[in-house]
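For reference, the structure is listed below as structure tokens.
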Amino acid sequence: MELSYALVQQQVQKLVMTPELRQAIHLLQLSTADLAEYVWNELLQNPLLEEEANAGTARERQEETDSGSESSEADPGSEDDEIDWERFFDDGTDIGWVHRPADPDTDFDPVRLVRWEPSLEERYHMELRLACEDPRILRIGQYLLGCIDGDGFFRGSVRNVAEVLGVEDEDVGRALSLIQGFEPVGVGSRSIEECLDLQICASSADERLKCLAHKIVESHLEDIAAGRMVKIATQLGVDVQVVQEAVDFIRTLNPRPGAGFIGDNEIRYIVPDVFIEHVEGEYLVVPNDSALPRLMVSNRYKSMLRDAGVEDAAKDFIKGKLNSALGLIRAVEQRRSTIVRVSESIVRHQRGFLDRGILHMRPLTLREVADDIGMHESTVSRATAGKYAQTPRGLFELRFFFNSEVGASGGRTASSASVKKRIREMIASENLTAPLTDQQISDALCGEGIRISRRTVAKYRDEMMIPPSTKRRRY
């Protein structure tokens, strides 16, 4: 075999991940609230981007957009033609920005809805300063507040805190007792048993019931979780119905008193990307254009490109920002168009759900929608993750409409969502003294023409966070 050097010209087709393509993919994955924040940041950083203040008719705004695009393309040295958008978005849609009339009565911005709220620890620091007059106990209490986790529990020991601060154990105990008196009751507890005991003591329940609840919490929490009411009744020497009453009372208590407190976690607002409206017997998909600022390119800076008196360095800067602005506008519009097309396909496939409810939802996969609208499956996946639709039946994530298939009689199929709904209904109407087992639910569904195994019933029940029959039984 002879080796030699030669110049060979080859034609290779490949997709280059340009910054514009990466931006388009990134924006498609964002939720509406995150996209709004992203766009607002771009408005601050790019002087060529402006928010449209006054909205004329849709035709007038479209003509302005078209004329602006023609001016940009006519600018000498513009690099916009280097962006091959058809290669990135090969679904045939028009990626030009289509403005919508603004509602003068609407002042909606999902980002500006976010407001500061003090965290649980910050609230307790303020309450501690008001409730404690002893500077020494106040100092200990402030240290203890830093040892309380997000669930409201004190993670540490009195002895260790006393050694670190150089104080007596009794002083640490006094400060901890002071904190445990704050609302919600149970914050500052060192264990789940202490947390529940504090709440039992603070409740207004019958003293006999509270006494029995104390005993159960002290020694039988695992038995409660396993539903072993007969065992608890036998060991405590009381009737099983009385134990059930005490257990029902215990289950009303909060085992995580600090969780979910306003200000402790980031507040995420759900903003629908599309509205599905029922008009004259048909379902229309309307994009939620009010959730984002309407973008346009500054005419002032575009005119500077044609001004002979502007320095070349300034023009180069404007051209770079112009390409960035046009890329963002097109990427936002492509995201909008993609979500609308995916939503319209979902409406066509899930008409039964929209008309008659979840029991009539049909099985649907990403592949079916991708084939229906001529897009790649990964594009559909990005367009449905974290995106929401406001429908006549409520607000749903677009991913909600995709369900696996469950076999049914007569060659029919049922969606997993409709089967879960049926399981939930059967459990909701069951006799609590003899709750349905997974096998009984499986047999009942098979009698209705839905072929489903016991293991699948157990899987769906776990996904709906419904406990097994042993834990649902009431005496």
- line: Straight-line reach check, K315, cutoff 29 Å on alpha carbons, 8 or more apart in-chain or any other chain, hits among lysines -> K302
- prompt: Per residue, how much space in cubic angstrom lies within the convex hull of the C-alpha atoms of the stretch 405-472?
  reply: 73
- request: Rounding to the nearest 20 debye, state how big the charge dipole of the stretch 120-180 is about its Cα centre with +1 on each Lys and Arg Cβ and -1 on each Asp and Glu Cβ.
  value: 80
query: By count of other Cβ within 10 Å, fewest leading, how are V240, V247 ordered?
result: V240, V247
field: Sequence-distant residues sharing a close amide H with L30 (under 5 Å, placed H)
entry: none
task: Might you report the magnitude of the Cβ-based charge dipole of the stretch 192-250 about its Cα centre, with Lys and Arg at +1 and Asp and Glu at -1, to the nearest 20 debye?
output: 160
message: A 31 angstrom limit on the alpha carbon distance is what I want to check against. Which of K387/K459; K210/K231; K231/K420 exceed it?
response: K231/K420
task: Rounded to whole Hz and in sequence order, give me ³J(HN,Hα) for the stretch 167-179 from the Karplus expression 6.51 cos²θ - 1.76 cosθ + 1.60, θ = phi - 60°, writing x for Gly and Pro.
output: 10, 7, 4, 5, 5, 5, x, 5, 5, 5, 5, 5, 5
- request: Would you mind pulling out the separation of the Cα centroids of the stretch 280-335 and the stretch 151-229, in Å?
  value: 59
- line: Listed by chain and number, the residues whose amide H is under 5 Å from that of F153, excluding neighbours fewer than 5 places away on the same chain and using placed H, are G188
task: Scan around N403 for amide H atoms under 5 Å from its own, H built in the peptide plane at 1.01 Å from N, and keep only partners 5 or more places away or cross-chain.
output: L364
message: Once R0 is set to 41 Å, what does the formula 1/(1 + (r/R0)^6) return for the Cβ-Cβ distance between R136 and S219, expressed as a FRET efficiency to the nearest 0.05?
response: 0.65
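Here, each number is a calculation from the coordinates, and none is a lab measurement. The structure presented is a predicted model; accordingly, all values stated were derived computationally and were not measured. With ideal geometry, Cβ positions are generated from the backbone for all residues, glycine too; neighbour counts draw on all protein chains shown.
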